[in-house]
1. Would you confirm whether any residue within region 337-354 is away from the ligand (no atom under 13 Å from the Cβ), without any contact (Cβ under 8 Å) to a residue 40 or more places away in the chain and in contact with a strand residue (DSSP E or B) (Cβ under 9 Å, 6 or more places away or on another chain)?
2. Exactly one of these conditions fails for residue 197: (1) more than 27 Å from residue 324 (Cβ to Cβ); (2) touching a strand residue (DSSP E or B) at 6+ places or on another chain (Cβ under 7 Å). Give me its number.
3. Determine which single condition residue 67 fails, assuming it passes every other condition in (1) surrounded by fewer than 21 Cβ atoms within 10 Å (Cβ to Cβ); (2) touching a strand residue (DSSP E or B) at 6+ places or on another chain (Cβ under 8 Å); (3) under 30 Å from residue 572 (Cβ atoms).
4. Go through 507, 525, 470 for me and flag whichever is at pLDDT 95 or above, touching a helix residue (DSSP H, G or I) at 6+ places or on another chain (Cβ under 7 Å) and on the phi > 0 side of the Ramachandran plot.
5. Restricting region 274-291 to residues that are in contact (Cβ under 8 Å) with a residue 60 or more places away in the chain and touching a strand residue (DSSP E or B) at 6+ places or on another chain (Cβ under 7 Å), which is surrounded by the fewest Cβ atoms within 10 Å (Cβ to Cβ)?
6. Among the residues of region 309-325, is there at least one that is more than 15 Å from residue 356 (Cα to Cα), part of a loop (DSSP other than H, G, I, E, B), touching a residue at least 12 places away in the same chain (Cβ under 8 Å) and within 16 Å of the ligand (Cβ to nearest atom)?
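The values are calculated or read from the model by the stated rules, or taken from the named source; none is laboratory data. Model, not experiment: these values are computed from the prediction. Using ideal geometry, Cβ is built from the backbone for each residue, glycine included, and neighbour counts are taken over all protein chains shown.
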Ligand code: ARG
């Protein structure tokens, strides 16, 4: 269905055309002076230069042509030549009713795509830290938005499961438990089912091994050798690797689950390895890869580049594959399995060059079609209040679990402050609200920007925060519950009706923007646009709520209109937060 702004613009275009002006001048925008009007058209200002006339003359002509148009309550030309627009409330009510009945409230997708979205990107056996939080939170929201828009979306966590950390763990394990069969070269039997470590041991082994490798050259070399042995298929190490994977992935699933994040595919760098030899051969055969200082590289520069981009290294001089090699090989696999027309990668923005290289090599070598969209959604750093990358009090990296616990605690305290609910209920509510605080705190910033992580602010029930949005939803829920209770469970899915109540009209106009906002957020991979929309919508609702006696209204027609509107409002709000990746409790 057409967007509200589109419908208004069409009328203005016709009016400009009718007066023999270019119809492009008819563009209408949301008013930046909501106290004066709802929408405005500034086309007469631009027209003045084109047609050498006073802007107000053009504005007056256009306004004249629109006088009898039923879409508008008023269309006014004001000096020096702006046109202020107020919509007819009946027209808006009708629009909302159409929207209510339409699929996805009128969001449309003219060319549905098959999308592979790569986010999360946890590194197996290393603790999940806040750096991985952004990828998970942003990626999950983008996935939900694209799926809502009717695209076929395949999400892949793309684990870092094939690097030096594996060699480090194996080497450290051998130091600690040299008697394990994996380290007995003469052993030829089966390897045990049971992993030789628990998740908590594993979590402790990696940081310890990593620290050792920084001071102990011999240890570092052993770990390097162990990695190479694993990568060349040495059976005992492969058996350990499988244990590491099983124990870690189980734990990762739990952690992502707590974040309300889930993936269709739990693949990783290791899955791409079989495709590497073919990839390298293909690059050589196509004369794209050449030797440079012992390494094998592919040029990616283009004529119109403003700065020089280094070639993509696909094989190191010691024969080892690199990050780019494994990403290219993964694309081969994804082409075979899904043939997507759109790839989205969500990772730290400092990886931008890497992705530029990978995308260009993919196109140059025809691994993907020329018109396949490849997008990198790079995010900024999460900083502490001091403006430096977020750390624990003692300077270490903050673990995600601890971060979640902290935010839940802050919310829990707030709930207990002003309510007398049981501890159990407060705990459950705190989990739901805490997740919203965390995710909204992140998503409300444009992804590419760095942001300051501030628990007190994120957990506040006031201002542009997740809890404020949830509070608004809970408030509407409770009004609807009361209405149902007093009306013997009457239906709340009623038609929206026209009104002369100013704040009600504001709310209607805000709800009507939903489809346009979502289409735009999907197009731009921009969850922050949905955040600013739910914030505006919540503010407008709360103003309406404070100015209107909803349940006490005696005029039953009016009251039914209020209920219809707030019911549509809550449906839209809940749809939005679902797209952001969180939900609302029943009470808070
Ligand atoms: N594991 C990587 C990291 O921690 C992120 C992976 C991003 N995805 C990709 N296909 N390279 O930095």
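1. Within region 337-354, the subset away from the ligand (no atom under 13 Å from the Cβ) is 337-342.
Filter once more, keeping what is without any contact (Cβ under 8 Å) to a residue 40 or more places away in the chain: 337.
Checking which are in contact with a strand residue (DSSP E or B) (Cβ under 9 Å, 6 or more places away or on another chain) leaves us with 337.
Scanning region 337-354 turns up at least one residue that is away from the ligand (no atom under 13 Å from the Cβ), without any contact (Cβ under 8 Å) to a residue 40 or more places away in the chain and in contact with a strand residue (DSSP E or B) (Cβ under 9 Å, 6 or more places away or on another chain).
2. So residue 197 meets the others, but not (2).
3. Result: residue 67 passes all but (3).
4. Numbers: 507 fails: on the phi > 0 side of the Ramachandran plot; 470 fails: on the phi > 0 side of the Ramachandran plot.
When all the criteria are applied, what remains is 525.
5. Across region 274-291, the extreme among qualifying residues is 288.
6. Yes; the residues of region 309-325 include at least one that is more than 15 Å from residue 356 (Cα to Cα), part of a loop (DSSP other than H, G, I, E, B), touching a residue at least 12 places away in the same chain (Cβ under 8 Å) and within 16 Å of the ligand (Cβ to nearest atom).
Here's the yes/no breakdown for (1) surrounded by fewer than 20 Cβ atoms within 10 Å (Cβ to Cβ); (2) within 16 Å of the ligand (Cβ to nearest atom); (3) more than 27 Å from the chain's Cα centre (by Cα):
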position	(1), (2), (3)
45	yes, no, yes
73	yes, no, yes
83	no, no, yes
90	yes, no, yes
135	no, yes, no
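To keep it simple, each residue is scored yes or no on (1) more than 25 Å from residue 118 (Cα to Cα); (2) surrounded by 19 or more Cβ atoms within 10 Å (Cβ to Cβ); (3) outside the structural domain of residue 523 (by TED's automatic domain parsing).
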| residue | (1), (2), (3) |
| --- | --- |
| 155 | no, yes, yes |
| 165 | no, yes, yes |
| 187 | yes, no, yes |
| 190 | yes, no, yes |
| 197 | yes, yes, yes |
| 215 | yes, no, yes |
| 235 | yes, no, yes |
| 245 | no, yes, yes |
| 256 | no, yes, yes |
